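A.B. asks: Could you have a look at this structure, given as structure tokens, before my questions?
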Amino acid sequence: MNASVTLPVVEPLDRSLGSELQRIIDGKTKPPGSLGRLEALACQIGMIQRTTHPTLARPAMIVFAGDHGIAEEGVSPYPQAVTAQMVANFLAGGAAINAISSVAGFTLEVVNAGVAATLDALPGLVDIPIARGTRNFARECAMTREAAIAAIAAGAQRVRHHAALGTNVIGFGEMGIANTSSAACLMSRLAGVPIDECVGRGTGLNDAGLAHKRCVLGAALARHAGATQPLDVLAAFGGFEIAMMTGAYLAAAEAKMTILVDGFIATAAFLVANSLAPAVRDYCVFAHLSNEAGHRRMLDAFDAKPILALDMRLGEGTGAALALPLLRAAVAFLNEMASFESAGVAGRGDAGQSDRSDQSGLSGEPDERRSGRGTS
């Protein structure tokens, strides 16, 4: 990596508080492990914030928008003009991410990272494009290395803006026609997965369109065979919205935020960030399994376990937004649920309690509670 490149510094997660958090979780009025993934989430958030009483403050969702020159190759059934039109829709409050962010309790920000159009000065738009779309990576690198670095820095700055306002939990979304092509190539090169396992239908390609997309992307990977280092891979195949998300991940981890990772495109940006600073993984919650082909394979590449699977493949940060209530629940039970001691409820191993279900209200037979299994 060029010595002149300064990236956010991500410290590995301090796990020293983990045993104390687990002791508190196990002491709650429930069979051990009976809250499943919520228990792991509570422990992770507590370790990120370095406290046994974590809070979720000012949740923010940043949607980065950018266009891709690879769209010239017919890899998407939608025209590139849709990106700018959707940005206007976000700002008017009419998109899925607006509705879901509102119900989940996110502050929503929309960033023009590199839309291939001049956008009106709409209220609420953070207008910081690196360029008007990337170049066609079927023929040349999508962007210069310097442009990739500039986009990373811009994404990091947006996170620092929200950190200064008190945000400690954040998610990232995207909008960009043909960005599944970019994500598929990033995945193939960084995760070492054959391109045919990475490519999906995106916004709705038919069988012929899917075959064409695989052919175009396979040839593009061969053209840029020399791009193997993370920044070079990003420059070869990335989009400005993906590069800004990369910087956003790094800055959020540097600020010790809990990061909600969305679907296929957002996870591809995470792959780049993780390649640059592997400790970023410690701060991430993988929100959902996208229905986009390749996302499960991408998650499997680093053994990530998403907490939702709703057959969604919209992007925009919608899956990440839907996961926030589960994080709220994890923090709430850790902070508000009584312990066996404080509630005066007999816990595991207390003498003389042959059948604690009558006294504790816990469901299940005694042998099930001893094994740590709850029932529904």
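A.B. asks: Condition first: crowded, with 16+ Cβ neighbours inside 10 Å, more than 22 Å from the chain's Cα centre (by Cα) and farther than 30 Å from T228 by Cα. Can you find one or more residues in the range 101-118 that meet it?
C.D. replies: The answer is yes, given that some residue of the range 101-118 is crowded, with 16+ Cβ neighbours inside 10 Å, more than 22 Å from the chain's Cα centre (by Cα) and farther than 30 Å from T228 by Cα.
A.B. asks: When you scan the range 128-166, how many residues do you find that are of a type in the set (V, I, T), buried (at least 24 other Cβ atoms within 10 Å of the Cβ) and within 21 Å of the chain's Cα centre (by Cα)?
C.D. replies: 2
Residue-wise test of (1) in a helix (DSSP H, G or I); (2) touching a strand residue (DSSP E or B) at 6+ places or on another chain (Cβ under 7 Å).
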residue: S102; (1), (2): yes, no
residue: L119; (1), (2): no, yes
residue: F137; (1), (2): no, no
residue: E140; (1), (2): no, no
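A.B. asks: Across the range 152-179, what is the number of residues that are assigned to a loop (DSSP other than H, G, I, E, B) and either within 19 Å of G317 (Cα to Cα) or not assigned by TED's automatic domain parsing to the domain that holds P79 (or both)?
C.D. replies: Residues flagged as assigned to a loop (DSSP other than H, G, I, E, B) and either within 19 Å of G317 (Cα to Cα) or not assigned by TED's automatic domain parsing to the domain that holds P79 (or both) within the range 152-179 amount to 5.
A.B. asks: Filter the range 67-116 down to the residues that are in contact with a Cys (Cβ under 9 Å, 6 or more places away or on another chain) and over 30 Å from E140 (Cβ atoms) and list them by number. So that I can check it myself, show each step before the final result.
C.D. replies: Filtering the range 67-116 for residues in contact with a Cys (Cβ under 9 Å, 6 or more places away or on another chain) gives 70.
Result: no residue meets the conditions.
Residue-by-condition table, conditions (1) modelled with pLDDT of 95 or more; (2) assigned to a loop (DSSP other than H, G, I, E, B); (3) crowded, with 21+ Cβ neighbours inside 10 Å:
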{"position": "L310", "(1), (2), (3)": "yes, yes, no"}
{"position": "A323", "(1), (2), (3)": "yes, no, yes"}
{"position": "R328", "(1), (2), (3)": "yes, no, no"}
{"position": "V331", "(1), (2), (3)": "yes, no, yes"}
{"position": "G349", "(1), (2), (3)": "no, yes, no"}
{"position": "S354", "(1), (2), (3)": "no, yes, no"}
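A.B. asks: What number of residues within the range 255-300 satisfy the criterion of being in a loop (DSSP other than H, G, I, E, B) and either within 16 Å of S182 (Cα to Cα) or of a type outside the set (S, T, Y) (or both)?
C.D. replies: 12
A.B. asks: In addition: Out of the range 272-282, which residues are touching a residue at least 60 places away in the same chain (Cβ under 8 Å), closer than 15 Å to A191 by Cβ and surrounded by fewer than 24 Cβ atoms within 10 Å (Cβ to Cβ)?
C.D. replies: Hits for the range 272-282 are S275, L276.
A.B. asks: Looking at (1) surrounded by fewer than 18 Cβ atoms within 10 Å (Cβ to Cβ); (2) touching a helix residue (DSSP H, G or I) at 6+ places or on another chain (Cβ under 9 Å); (3) not β-branched (V, I, T), which one does E72 not meet, given that it meets all the others?
C.D. replies: So E72 meets the others, but not (2).
A.B. asks: Select from the range 76-100 the residues that are crowded, with 22+ Cβ neighbours inside 10 Å and at pLDDT below 95 and list them in ascending order.
C.D. replies: S76
A.B. asks: Quick one: count up the residues across the range 43-57 that are closer than 13 Å to L327 by Cα and of a type outside the set (A, V, I, L, M, F, W, C).
C.D. replies: 4
A.B. asks: State all residues of the range 215-225 that are surrounded by 16 or more Cβ atoms within 10 Å (Cβ to Cβ) and either outside any helix (DSSP H, G or I) or modelled with pLDDT under 95 (or both); if no residue qualifies, say none.
C.D. replies: H224
A.B. asks: Then there is this: Yes or no: A252 crowded, with 17+ Cβ neighbours inside 10 Å, part of a helix (DSSP H, G or I), touching a Cys at 6+ places or on another chain (Cβ under 8 Å) and among the small types (G, A, S)?
C.D. replies: Considered against the rule, which asks whether it is crowded, with 17+ Cβ neighbours inside 10 Å, part of a helix (DSSP H, G or I), touching a Cys at 6+ places or on another chain (Cβ under 8 Å) and among the small types (G, A, S), A252 comes out as no.
A.B. asks: List the pairs whose first member sits in the range 22-33 and is over 17 Å from T51 (Cα atoms), whose second member is of a type in the set (S, T, Y) and part of a helix (DSSP H, G or I), and whose Cβ atoms are under 8 Å apart, counting only residues at least 6 apart or on separate chains?
C.D. replies: T29/S360
The values are calculated or read from the model by the stated rules, or taken from the named source; none is laboratory data. All values derive from a computational prediction rather than experimental measurement. Note that we place each Cβ from the backbone using ideal geometry, even for glycine, and neighbour counts take in every protein chain shown.
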